[in-house]
Amino acid sequence: MNILVIGSGGREHALCWKLKQSPITEKLYCAPGNAGIADSAECVNIKADEGEKLVQFALDHQVGFAVVGPEAPLCAGVGDLLRKAGIKVFGPNADGARLEGSKDFAKRFMNKYNIPTARSSTFTNAAAAKKYIADEFKAGAEGIVVKADGLAAGKGVLVAETEKAAADFVDECFGGAFGTSGATVLIEECLVGEEASILALTDSRTIRALVTSQDHKRIFDQDKGPNTGGMGAYSPAPVVNESVMKQIQTEILDRFLAGIQTEKIDYRGVIFVGIMVTGGVAKVLEFNVRFGDPEIQPVVRRFDGDWADALYKTADGRLAEADLVWSDDPAVSVVIAAGGYPGSYRKGDEITGLAEAAETGAVVFHAGTAAKDGRIVSNGGRVLGVSARGKTIRDAIANAYRGVEKIRFKNCFSRKDIGAKALKYLK
Ligand code: AMP
Ligand code: GLY
């Protein structure tokens with residue numbers, strides 16, 4: 001079957017790389033793709049938000065199945081448009097995508113279906129929000145989380161340690177720093193613990209978790225510095241032990257499924273649940289309606305089944321029939337970023353060592369790259385994700401970094417401690 005993947009990041013490269021290996025994949029297209037994706041798929045010059053053009057392309061090229069990578073086109077209804085044209089889609093319609101597009105909607109959903117999450121209140125004016133913050137600190141809170149409602153490309157959340165920082169961020173939100181996303185603000189209790197990412201496929205009939213993973217959100221080693229889109233990930237995340245996974249299944253995933261059924265949301269795709277584990281209990285930090293990036297990179301590295309079949313059956317309402325086959329070997333993916341990221345950074349620097357990195361056995365996923373005069377150049381903040389498997393997590397870390405060392409571009413950098421949190425669980 002012909003498959004169209006929509007998006008241009010490391011997530012879409014990982015998806016295309018794995019889809020390409022499937023026996024049911026005939027032509028694989030990616031719109032718009034990037035320089036690395038071009039090795040696995042034919043890149044098509046249509047942007048992820050150009051819904052009508054994507055539909056036309058899919059119809060003209062006998063696309064049987066589309067996979068929408070990022071959240072923005074899902075929230076904008078690209079899934080709805082493709083479905084209306086008769087194309088099977090992996091990725092929810094706009095009604096389901098609201099679970100990521102509106103933090104307030106997601107919070108109401110969690111509270112309605114008794115899904116464990118941080119206590120919170122929603123505000124539409126700054127004075128009331130600031131009074132609530134002051135009261136929380138007076139009552140002994142050591143921190144508070146302020147969230148702009150709506151998509152803000154990862155920038156709309158502040159974990160504040162002081163009342164002033166929280167209040168200043170509230171002013172920023174209502175002042176328009178995140179556009180319309182700041183017109184409603186959630187103030188949340190600050191959860192303390194270890195984060196992990198749960199990716200689960202659902203076709204609204206059944207819900208099946210993939211292997212667990214953990215991202216590294218902060219820019220610097222030891223989780224210092226500002227938040228980013230994610231600087232590296234590994235799988236499995238040992239913080240999610242058997243008992244935590246059981247609780248996640250019954251209190252989060254099963255209730256999620258019951259919730260979308262009751263709300264009559266026909267959700268077919270992945271639900272990515274960001275969790276905080278505190279004393280062996282998981283609570284939801286956020287829902288995302290697409291695969292985590294970089295989390296999907298180590299996750300697909302561990303998948304030994306037929307990925308196209310699994311995603312197609314999810315889109316077709318037959319997820320229960322899919323065979324999800326996993327390797328026990330852990331996998332790690334280390335992001336190489338451009339100097340200055342997550343602030344401003346240069347683009348257009350030539351990248352060397354990609355072939356040498358591949359010779360180490362690592363698979364290099366391109367996140368922000370472009371082809372220029374026969375060379376590969378940087379074209380984003382997160383530029384590459386270097387992924388590897390190993391017999392143990394220690395081996396997987398070493399294998400990934402062996403690949404990372406081969407790659408150079410001006411001012412490139414990566415965290416040196418990706419996967420280190422898993423080591424403390426080793427016996
Ligand atoms: P979100 O986009 O809601 O996941 O927030 C982004 C990041 O902020 C999360 O990955 C956490 O690191 C942090 N965060 C969000 N909500 C909370 C919370 N209630 N307590 C502590 N940290 C949080
Ligand atoms: N890595 C976190 C995310 O994809 O949102």
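The values are calculated or read from the model by the stated rules, or taken from the named source; none is laboratory data. Since the structure is predicted, the reported quantities are computational estimates derived from the model, not experimental observations. Here Cβ is always computed from backbone atoms with ideal geometry, including for glycine, and neighbour counts include all displayed protein chains.
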Positions within segment 113-138 being assigned to a loop (DSSP other than H, G, I, E, B) and within 16 Å of ligand 1 (Cβ to nearest atom), in sequence order
Ile115, Pro116, Ala118, Arg119
Residue by residue through segment 267-285, note down the ones that are more than 8 Å from ligand 2 (Cβ to nearest atom), touching a strand residue (DSSP E or B) at 6+ places or on another chain (Cβ under 9 Å) and part of a strand (DSSP E or B).
Gly269, Val270, Ile271, Val273, Ile275, Met276, Val277, Thr278, Ala282, Lys283, Val284, Leu285
For segment 146-165, name all the residues that are assigned to a loop (DSSP other than H, G, I, E, B), surrounded by fewer than 16 Cβ atoms within 10 Å (Cβ to Cβ) and either away from ligand 2 (no atom under 16 Å from the Cβ) or of a type in the set (A, V, I, L, M, F, W, C) (or both).
Ala153, Glu161, Thr162
Looking only at segment 362-419, how many residues end up being closer than 23 Å to Thr212 by Cα, in contact with a strand residue (DSSP E or B) (Cβ under 7 Å, 6 or more places away or on another chain) and part of a loop (DSSP other than H, G, I, E, B)?
6
Answer yes or no as to whether Asn288 is within 16 Å of ligand 1 (Cβ to nearest atom) and crowded, with 18+ Cβ neighbours inside 10 Å.
yes
I'd like the full set of residues that are within 16 Å of ligand 2 (Cβ to nearest atom) and farther than 26 Å from Glu321 by Cα, limited to segment 202-224.
Gln214, Asp215, His216, Lys217, Arg218, Ile219, Asp223
When the residues of segment 286-312 are narrowed to those that are assigned to a strand (DSSP E or B) and near ligand 2 (Cβ under 10 Å from one of its atoms), which ends up nearest to Tyr113 (Cα to Cα)?
Glu286
What pairs come up if the first residue lies in segment 206-223 and is in contact (Cβ under 8 Å) with a residue 40 or more places away in the chain, the second is within 15 Å of ligand 1 (Cβ to nearest atom) and of a type in the set (Lys, Arg), and their beta carbons are under 8 Å apart, counting only those six or more places apart or on different chains?
Gln214/Lys421
How do the pairs read when you match residues in segment 1-23 that are surrounded by fewer than 24 Cβ atoms within 10 Å (Cβ to Cβ) with residues anywhere that are among the basic types (Lys, Arg) and in a loop (DSSP other than H, G, I, E, B), using Cβ under 7 Å and keeping only pairs 6 or more apart or on different chains?
Asn2/Lys27
Please pick out the residue among Lys147, Lys103, Lys107 that is touching a Ser or Thr at 6+ places or on another chain (Cβ under 7 Å), under 19 Å from Ile275 (Cβ atoms) and basic (Lys, Arg).
Lys107
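For segment 122-145: of the residues being under 30 Å from Glu263 (Cα atoms) and touching a helix residue (DSSP H, G or I) at 6+ places or on another chain (Cβ under 6 Å), which is surrounded by the most Cβ atoms within 10 Å (Cβ to Cβ)?
Ala129
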Within segment 213-222, does at least one residue satisfy the condition of being touching a helix residue (DSSP H, G or I) at 6+ places or on another chain (Cβ under 6 Å), closer than 22 Å to Ala118 by Cα and at pLDDT 95 or above?
yes
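Please work out if Ile260 is within 16 Å of ligand 2 (Cβ to nearest atom) and either surrounded by 19 or more Cβ atoms within 10 Å (Cβ to Cβ) or closer than 20 Å to Phe365 by Cβ (or both). Step through it out loud before you land on a result.
Working: within 16 Å of ligand 2 (Cβ to nearest atom): no; either surrounded by 19 or more Cβ atoms within 10 Å (Cβ to Cβ) or closer than 20 Å to Phe365 by Cβ (or both): yes.
Here the answer is no, as Ile260 does not meet what is asked.
Residues checked against (1) among the aliphatic types (A, V, I, L, M); (2) crowded, with 23+ Cβ neighbours inside 10 Å; (3) within 13 Å of ligand 1 (Cβ to nearest atom):
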{"site": "Glu195", "(1), (2), (3)": "no, no, yes"}
{"site": "Ile207", "(1), (2), (3)": "yes, no, no"}
{"site": "Asp221", "(1), (2), (3)": "no, no, no"}
{"site": "Lys224", "(1), (2), (3)": "no, no, no"}
{"site": "Asn227", "(1), (2), (3)": "no, no, yes"}
{"site": "Val240", "(1), (2), (3)": "yes, yes, no"}
{"site": "Lys246", "(1), (2), (3)": "no, no, no"}
Being at positive phi and free of Cβ contacts under 8 Å to residues at least 60 places away in the same chain is true for just one of Gly305, Gly340, Gly280. Which residue is that?
Gly280
